[in-house]
2 protein chains.
Amino acid sequence: MLEHRHAVELRHAYRLMNHGPTVLVSAAHAGVRNLMAAAWAMPLDFAPPKVAVVIDKSTFTRGLVEASGRFALNLPCADQADMAYAVGNVHGGPEGLADKFGHFGIGSFEGQTPGLPLVAGCVGWLECRLLPEPQVQETYDLFLGEVVAAQADARVFSAGHWHFDGHPGLRTLHHVAGGQFLLPADAVQARLPA
Amino acid sequence: MLEHRHAVELRHAYRLMNHGPTVLVSAAHAGVRNLMAAAWAMPLDFAPPKVAVVIDKSTFTRGLVEASGRFALNLPCADQADMAYAVGNVHGGPEGLADKFGHFGIGSFEGQTPGLPLVAGCVGWLECRLLPEPQVQETYDLFLGEVVAAQADARVFSAGHWHFDGHPGLRTLHHVAGGQFLLPADAVQARLPA
């Protein structure tokens, strides 16, 4: 599905996450890569675009983020619900799966950040540079990043807007709990009072 | 609609926001109250439940949060899309609307936090105690809070799960941009590999 990828202008990068999708956090360092699921992620600023994501101390991905200073937020879609749930439920690293990508048959590709694995089949990708804030990282497991590049699947995101019509399997996932995800359907256009 | 409100166990409070809804931030201090819209909000911890929300320096609500040390995250629903968009597009306070509640005819009620206005007609409410982090508040406009009480509309949230079937107007709002909100529809249950 890589042929549908297109660059998202940085001024529109926040729009990828504005509606609250669950993300997959991917990172790599010294030839080791991993990915994990995170429902707790959000935009933090428009320009330059920034994001915030909670990465628990128990995760192997966290060490890769801290060591490399880079991470990606990948937006999985409905067709990937089982995969997203699976990578969120098993540990990576020496005490877990040495390579979740390989184990689960998850493809990856590189964006603008050398060595940073982006998850194939997702519908949005944000490559981030860690903004080190050791105190909030340690106290709240909260990681901040500046988005340095963004891409999306043009079939469902273009010109700064999502349009899932006709592509139910490409809808973003919104985790409730225990592998139950809500899916966005119709949109409503609010009107300002006269 | 107040008769449908029920307390949400604190261990389930994060479930109200796990799927990424847009929220209304309300606060009050010294007899002055305000509310604003925020798409950038997320859970931050399970127990005790914590949340993170971006509150811009230009907002009047921010001063009320800092002065009172309290804020509420209210989850507006589809039937309130126009209201949610409106309160997010006009300023409150001395240079704006003196009372957005009154101006827009928005009802309010009190939960467990004396004086903290909760927005009537919403489908979820989280009363929060500010966790002061001056450095991230100043640098990133990022505010952290501990959830001290939570409620939800029992018609669409109970036993820790959302169930919007039969209540399309009570679905949570997920802002894309410019008053366009995505609405959750069907749910998918992911399965772990055997």
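No value in this document is a laboratory result; all are computed from the given coordinates. Being a predicted model, the structure only gives us computed values, none of them experimental. Virtual Cβ from ideal backbone geometry, glycine too; neighbours counted across all protein chains shown.
Relative to its Kirkwood radius, the Cα radius of gyration of the stretch A:47-130 gives an Rg/Rh of 0.94. Let me see the pair-distance distribution of the stretch A:1-145: every alpha carbon pair, 10 Å bin width, integer percents in order. Binned Cα distances yield the sequence 12, 47, 36, 6, 0.
Partners of A:Lys50 within straight-line reach, counting aspartates and glutamates whose Cα lies under 18 Å from its Cα and excluding those fewer than 8 residues away in the same chain: A:Glu9, A:Glu66, A:Glu127, A:Glu133, A:Asp141, A:Glu146, B:Asp56, B:Glu138, B:Asp141. With a 10 Å cut-off around each Cβ of A:13-22, the average count of Cβ atoms from other chains is 6. The alpha carbon gyration tensor of the stretch B:115-164 gives principal lengths a ≥ b ≥ c with a/c of 1.5 or higher and a/b greater than b/c, which makes the shape prolate. Dividing the summed helix terms, -39500 (n - 2.57) for each DSSP H run of n ≥ 4, by the number of residues in the protein assembly as shown produces a 222 nm estimate of -3500 deg cm²/dmol to the nearest 500. All C-alpha to C-alpha distances of the protein assembly as shown, sorted into 10 Å bins beginning at zero, yield P(r) values of 5, 25, 35, 25, 9, 1, 0 percent in whole numbers. Loop-resident trypsin sites (Lys or Arg not before Pro) (DSSP state other than H, G, I, E or B) in the stretch A:34-123 with no more than 15 further Cβ atoms inside 10 Å of their Cβ: A:Lys57.
If you wrap the tightest convex hull around every Cα atom of the stretch A:2-61 and split its volume per residue, you get 122 Å³. Need one word for the stretch A:29-90: rounded, prolate or oblate. Basis is the Cα gyration tensor (sqrt eigenvalues a ≥ b ≥ c); a/c below 1.5 gives rounded, then a/b vs b/c decides. Oblate. Counting only Cα atoms, the size of the stretch B:98-183 along its three principal axes is 45, 33, 32 Å, in decreasing order.
For the stretch A:10-102, chymotrypsin sites (Phe, Trp or Tyr not before Pro) meeting the loop criterion (DSSP other than H, G, I, E, B) and having at most 13 other Cβ atoms within 10 Å: A:Phe46. Here the 3J(HN,Hα) profile of the stretch A:122-138, calculated from phi with Karplus coefficients 6.51, -1.76 and 1.60 at θ = phi - 60°, is 6, 10, x, 9, 10, 8, 10, 9, 4, 9, x, 9, x, 5, 6, 4, 6 Hz, Gly and Pro shown as x. Need the C-alpha centroid separation for the stretch B:42-68 versus the stretch A:136-152, integer Å. After rounding, the separation between the Cα centres reads 18 Å. Cross-link reach is defined here as a Cα-Cα straight distance under 26 Å, omitting same-chain residues fewer than 8 places apart; for A:Lys100 the lysines meeting it are A:Lys57.
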